[in-house]
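The values are calculated or read from the model by the stated rules, or taken from the named source; none is laboratory data. None of these values were measured; they are calculated from a predicted model. In this analysis, Cβ positions are derived from the backbone assuming ideal geometry, glycine residues included, and neighbour counts consider all displayed protein chains.
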Amino acid sequence: MNFSSKLLENAVAEFSKLPGIGQKTALRLVLHLLNQDRPDVERFSMAMTKLRNEIQHCRVCHNIADYTVCEICSSHKRDRNTICVVEDTRDVMAIENTNQYTGVYHVLGGLISPMDGIGPSDLKVDSLVERLRANDVKEVIFALSATMEGDTTIFYLHKKLKDFNITLSTIARGIAFGGELEYVDEITLGRSITTRVPYENSLAK
C-alpha cells in the first residue's frame, strides 16, 4: 500500500497491530480520526494514554480495575462464599451481563496451553489457593471456555483444589465444544451458570 504521507503510514502501521485489524481497516480508522475535530482526537489519545498508565489489576481477583480492589470485590452485595474462576476480564464482563451471578471472581489470566508455552505457573493459581485458605469459601465454579485448553485447565485446578472442603462445579455445557465464553449469548451463558453441575459429574459424561 502506497502512502502519500509518512505520518499517515506510521499511524496505519500502529492501528494494524490491533487484533483483527488489517491495513485497509486501519487506514479507514486513521482517516476517520483525521476527519474529526482536534479536541475529539485529543480526547481519544488521552483516554488511551490514561488507560495504559493508570489501569490496575485487582489485588484480590486480578480483574482489570481502576483501584487496587475492583468494584465487585469491594461490594457488600456480592456473595464471597462463591468464587467463579474465569480466563480473563472479557469473561467477567460476559457473565456480569447475564445478571445471573452474584458471587465474586478469580481471573486466571489465561489457560494452560503447552503448545503456546503456557503452564500452570503462568496463571494466577497460587493466589486462588491462598484465597481458599484465607476465606470461608463454599463453592468454586469453573467457568472456562469449552476448548481443549479450558478442559485441561479445569482438570488441573480440580486436582489442585479437591482436598479443600468446598464444592467444585463447572458451568453446564449448553455451550458447544470449542466455544469461547465472550461470544456466547447472554441467555445461554446465564443458564449455564445457574444450572452448573459438580465437576465430577461432568467427567462421567
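Worth pointing out:
- Meets criteria (surrounded by 21 or more Cβ atoms within 10 Å (Cβ to Cβ) and either of a type outside the set (Asp, Glu) or touching a residue at least 24 places away in the same chain (Cβ under 8 Å) (or both)) for ILE95: yes
- Of all residues in the range 1-22, those that are within 16 Å of LEU33 (Cα to Cα) have Cβ atoms under 6 Å from Cβ atoms of residues that are part of a loop (DSSP other than H, G, I, E, B), 6 or more apart or on another chain, in GLU9/PHE3; PHE15/ILE21.
- Residue that is nearest to the chain's Cα centre (by Cα), among those in the range 66-97 that are in a loop (DSSP other than H, G, I, E, B) and closer than 22 Å to TYR199 by Cα: ASP88
- Residue check: ALA47 meets all listed conditions (1) more than 30 Å from LEU161 (Cβ to Cβ); (2) outside any helix (DSSP H, G or I) but one, namely (2).
- Checked against (1) assigned to a loop (DSSP other than H, G, I, E, B); (2) buried (at least 21 other Cβ atoms within 10 Å of the Cβ), GLN100 passes all but condition (2).
- Checked against the criteria, GLY119 counts as free of Cβ contacts under 8 Å to residues at least 24 places away in the same chain and either touching a helix residue (DSSP H, G or I) at 6+ places or on another chain (Cβ under 8 Å) or assigned by TED's automatic domain parsing to the domain that holds HIS158 (or both).
- Residues of the range 125-146 satisfying the condition of being in contact with a Leu (Cβ under 9 Å, 6 or more places away or on another chain), surrounded by fewer than 17 Cβ atoms within 10 Å (Cβ to Cβ) and part of a loop (DSSP other than H, G, I, E, B): none
- Residue that is farthest from ILE112 (Cα to Cα) [pool: residues in the range 150-166 that are touching a residue at least 24 places away in the same chain (Cβ under 8 Å) and buried (at least 17 other Cβ atoms within 10 Å of the Cβ)]: ILE166
- Enumeration of residues in the range 94-107 that are over 17 Å from VAL140 (Cα atoms) and modelled with pLDDT of 95 or more: none
- Any pair with Cβ under 6 angstrom, 6 or more apart, that starts in the range 38-50 at a residue that is in the same structural domain as ALA11 (by TED's automatic domain parsing) and ends at one that is at pLDDT 95 or above and assigned to a helix (DSSP H, G or I): VAL41/LEU33
- Under the condition of being more than 30 Å from ASP66 (Cα to Cα) and outside any loop (DSSP other than H, G, I, E, B), the residues counted in the range 1-33 number 11.
- Checking LYS24 against (1) under 30 Å from ASN165 (Cα atoms); (2) surrounded by fewer than 12 Cβ atoms within 10 Å (Cβ to Cβ); (3) outside the structural domain of SER145 (by TED's automatic domain parsing), the condition it does not meet: (1)
- Extreme residue, modelled with the lowest pLDDT, among residues of the range 167-189 that are surrounded by fewer than 19 Cβ atoms within 10 Å (Cβ to Cβ) and assigned to a helix (DSSP H, G or I): TYR183
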